[in-house]
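Input: a single structure, listed below in structure tokens.
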Amino acid sequence: MQIDKTSLPGVLILTPRRFGDARGWFSEVWNRQTLAAHGIDIDFVQDNHSHSRAAGTVRGLHFQAPPHAQAKLVRCGRGRVFDVAVDIRKGSPAFGKWTGVELSAENGRQLLIPAGFLHGFVTREPDSELLYKCSDVYAPDCDGAVRFDDPDLGIDWGFDPAEAVLSDKDRAAPAFRNFATPFVYGG
């Protein structure tokens, strides 16, 4: 497993090795023991799978507040997405900063996003599928969002945000400047 740091402390790109032959390939995408040896010790309790029909579909920016905050391990099983994490830990030197990485079925990369970060993605191809592990179960009363195209965040999504395919929830998400984060940086 190749592990690369991003510009945000704690947000990592995990690239599993692929072992191929004439039939195709095999890849181990999560191994608790291997990753614990690298200081990654997360107990994932829920797996999610999303399918987006159209290119330009945006899901996010989402978070789940304590006591059900979620770390996520995100990968693309089909198609191609641009995946984004934003630090929302009050007092963090990286507060309000973002990082993004292209995840695709082809490149096999995964993005590890700790609790205390917003998460979102835009599909680059039709019929893209995201698979992600979560460290806590979905809790609707702890669910929250921030506007994906917020000018204070300045995320370069690589497409015209006016063309985004959005859910009603994401269309109505509040601005970052009006957002009261439930997360505090632990140093």
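Of everything in segment 30-49, what is out of contact with any Cys (no Cβ under 9 Å at 6 or more places or on another chain) and surrounded by fewer than 16 Cβ atoms within 10 Å (Cβ to Cβ)? Give them in sequence order. Walk me through how you get there before you give the answer.
Residues of segment 30-49 out of contact with any Cys (no Cβ under 9 Å at 6 or more places or on another chain): 30-43, 49.
Result: 31, 32, 33, 34, 36, 37, 38, 39, 41, 43, 49.
Residue under question is residue 118, and the condition is that it be open to solvent by less than 30 Å² (accessible area, probe 1.4 Å), touching a residue at least 12 places away in the same chain (Cβ under 8 Å), touching a His at 6+ places or on another chain (Cβ under 7 Å) and not charged (D, E, K, R); does it hold?
Values: open to solvent by less than 30 Å² (accessible area, probe 1.4 Å): yes; touching a residue at least 12 places away in the same chain (Cβ under 8 Å): yes; touching a His at 6+ places or on another chain (Cβ under 7 Å): yes; not charged (D, E, K, R): yes.
For residue 118, the condition - open to solvent by less than 30 Å² (accessible area, probe 1.4 Å), touching a residue at least 12 places away in the same chain (Cβ under 8 Å), touching a His at 6+ places or on another chain (Cβ under 7 Å) and not charged (D, E, K, R) - is met.
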Take the conditions charged (D, E, K, R) and closer than 29 Å to residue 178 by Cα and apply them to residue 90. Does it pass? yes
Considering (1) open to solvent by less than 30 Å² (accessible area, probe 1.4 Å); (2) of a type in the set (A, V, I, L, M, F, W, C); (3) more than 17 Å from residue 47 (Cβ to Cβ), say which one residue 95 fails and leave the rest. (1)
Can you name the number of the only condition in (1) closer than 21 Å to residue 53 by Cα; (2) hydrophobic (A, V, I, L, M, F, W, C); (3) open to solvent by less than 50 Å² (accessible area, probe 1.4 Å) that residue 159 fails? (3)
When residues of segment 19-35 are filtered for being of a type outside the set (Asp, Glu), at negative phi and in a strand (DSSP E or B), how many remain? 5
Quick one: in segment 1-56, which of the residues that are within 16 Å of the chain's Cα centre (by Cα) and acidic (Asp, Glu) is nearest to residue 82 (Cα to Cα)? 4
When segment 162-172 is checked residue by residue, the ones that are part of a loop (DSSP other than H, G, I, E, B) and either without any contact (Cβ under 8 Å) to a residue 40 or more places away in the chain or open to solvent by 70 Å² or more (accessible area, probe 1.4 Å) (or both) are 172
Any hit, segment 52-63, residues being under 17 Å from residue 133 (Cα atoms), without any contact (Cβ under 8 Å) to a residue 40 or more places away in the chain and open to solvent by 60 Å² or more (accessible area, probe 1.4 Å): no
Kindly indicate whether any position in segment 92-103 is in a loop (DSSP other than H, G, I, E, B), at pLDDT 95 or above and under 13 Å from the mean Cα position of the chain (by Cα). no
Would you check which residues across segment 135-156 are farther than 19 Å from residue 95 by Cα, open to solvent by less than 50 Å² (accessible area, probe 1.4 Å) and not small (Gly, Ala, Ser) and list them? 136, 142
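The values are calculated or read from the model by the stated rules, or taken from the named source; none is laboratory data. None of these values were measured; they are calculated from a predicted model. Using ideal geometry, Cβ is built from the backbone for each residue, glycine included, and neighbour counts are taken over all protein chains shown. All accessible areas refer to the heavy atoms of the entire protein, side chains included, with ligands and DNA or RNA removed. Shrake-Rupley method; radii C 1.70, N 1.55, O 1.52, S 1.80 Å.
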